[in-house]
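Below: the structure, in structure tokens.
The values are calculated or read from the model by the stated rules, or taken from the named source; none is laboratory data. Please read all numbers here as calculations on a predicted model, not as lab measurements. Neighbour counts run over all protein chains shown; Cβ positions are idealised from the backbone, glycine included.
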Amino acid sequence: MRREIDARDPVKRALREIEEREAAKEAEKQARQITVNSALDEWLAGLPKRSRSRTVQFNSLKSKLKSWAAEQGIVNLGEIKPAMLYAWRGSWSPETENPRDRLAPATQNLYVSHLHRFFKWAVQAEYLEKDPSLLVKRQKYEHVQTQPLTSQAQFEQVMAATYKLDADRYTLRDVPEYGRDLRAIFTLMRWTGIRLVDALMLRRNAVTDGRLNLTTKKTHKAIKDRPLPEGVIDALNAVPVQPHVRNGYYFWSANSNDEDNLTIVWSQRIKKLNQYLSLTDDDGKTMEFRSHMLRDTFAVELLMQGMPLEDVSYLLTHDSVKMTEKYYAKWVSKRRNKVHDDLQQALTRMGAEFVLNGGVGEVGKVVV
């Protein structure tokens with residue numbers, strides 16, 4: 001009897017309907033639960049085809065986010081809270097001990113953009129009700145000025161440091177003797193302008209008849225028949241086939257599963273060279289050696305020799321001339337000044353007179 005009365009009670013009937021709706025919502029929510037790993041795989045699989053460099057970035061984010069979630073004990077995507085992502089973003093730094101979080105400022109902002117894209121997709125796919133990445137922001141940073149080596153003597157100093165590094169390898173607990181490999185890598189980068197990752201993943205058959213042929217990892221652009229100086233060929237020939245290196249490669253370790261890990265390992269080795277170096281810039285300020293300086297040196301010296309910016313851009317496999325000008329505008333300006341100096345010298349030899357610093361130039365001379 002009591003049950004029948006409760007069933008007819010409009011208040012209790014309304015409460016039951018509310019409970020049923022809430023239970024249905026919870027059941028639907030549970031049905032939409034997806035693991036972090038599955039969500040990342042599904043998101044990446046559905047993305048339209050991109051350039052190889054963008055695909056590498058997305059795959060790298062997937063790997064980083066999966067590793068982070070595993071460390072946090074997170075299984076399902078819905079367990080990720082805004083404060084967690086905010087704290088993780090705060091741990092990113094070029095100097096951090098965690099290789100996964102060792103990111104340059106520009107790369108940090110790139111990953112922030114990719115994180116937003118992934119979680120926006122998760123909300124639209126109804127795996128999440130709210131986007132937990134909204135607290136994660138891009139950061140303003142001071143762009144690191146492109147910095148080439150200032151002289152051949154500095155390059156020789158870097159090469160000499162590789163011998164010192166090998167001499168101290170047991171003290172540093174770095175048993176492998178990789179100074180010889182570094183010398184080959186540095187010589188290759190210095191005279192071809194290729195990126196570190198392309199040097200590290202260089203196939204032995206990429207060098208044929210004194211010419212370099214490869215497809216770059218970052219921009220997926222081809223380098224064809226680039227002539228190599230004898231010094232580069234000699235340095236590469238000095239690198240023997242090694243049991244710990246993948247078959248058919250010069251430097252790519254069999255233990256490195258991807259290019260990110262490979263670059264991190266070698267970047268740390270290169271960083272150790274600085275304890276043997278005392279490099280300074282044009283203003284006399286101490287500067288840390290980075291392998292990218294060799295690529296910068298290649299580009300800047302070509303510009304100073306009068307090579308057109310468009311040609312240098314092509315050799316660097318940049319996506320556009322604007323990108324080249326962005327990084328090398330300082331030296332483009334120096335080159336233009338040099339052209340003016342050369343013009344003045346030529347005109348002076350032709351009999352023109354110039355007034356410089358308030359003085360009067362005589363015919364055939366330049367007064368400075």
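Quick look at the values:
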quantity: Matching helices (runs of 4 or more DSSP H) fully within the stretch 251-320 where at least 2 residues are in contact (Cβ under 8 Å) with a residue 24 or more places away in the chain and under 20 Å from residue 157 (Cβ atoms); calculated: 259-271, 292-304
quantity: Single unsatisfied condition, residue 328 versus (1) surrounded by fewer than 18 Cβ atoms within 10 Å (Cβ to Cβ); (2) in a helix (DSSP H, G or I); (3) in contact (Cβ under 8 Å) with a residue 40 or more places away in the chain; calculated: (1)
quantity: Of all residues in the stretch 83-106 being in a helix (DSSP H, G or I) and in contact with a helix residue (DSSP H, G or I) (Cβ under 9 Å, 6 or more places away or on another chain), the one that is farthest from residue 290 (Cα to Cα); calculated: 84
quantity: Unmet criterion (only one of (1) in a helix (DSSP H, G or I); (2) surrounded by fewer than 12 Cβ atoms within 10 Å (Cβ to Cβ); (3) modelled with pLDDT of 75 or more) for residue 60; calculated: (2)
quantity: Sole residue being of a type outside the set (Phe, Trp, Tyr), modelled with pLDDT under 85 and buried (at least 17 other Cβ atoms within 10 Å of the Cβ), chosen from 355, 366, 312; calculated: 366
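One line per residue, one yes/no per condition, for (1) at pLDDT 95 or above; (2) more than 28 Å from residue 320 (Cβ to Cβ); (3) hydroxyl-bearing (Ser, Thr, Tyr):
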site: 206; (1), (2), (3): yes, no, no
site: 209; (1), (2), (3): no, yes, no
site: 213; (1), (2), (3): yes, no, no
site: 218; (1), (2), (3): no, no, no
site: 221; (1), (2), (3): no, no, no
site: 238; (1), (2), (3): no, yes, no
site: 241; (1), (2), (3): no, yes, no
site: 244; (1), (2), (3): no, yes, no
site: 247; (1), (2), (3): no, yes, no
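Listed here are the residues, each with its yes/no results for (1) in the same structural domain as residue 42 (by TED's automatic domain parsing); (2) among the hydroxyl-bearing types (Ser, Thr, Tyr); (3) closer than 14 Å to residue 65 by Cβ.
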position: 86; (1), (2), (3): yes, yes, no
position: 89; (1), (2), (3): yes, no, yes
position: 94; (1), (2), (3): yes, no, no
position: 104; (1), (2), (3): yes, no, no
position: 109; (1), (2), (3): yes, no, no
position: 115; (1), (2), (3): yes, no, yes
position: 119; (1), (2), (3): yes, no, yes
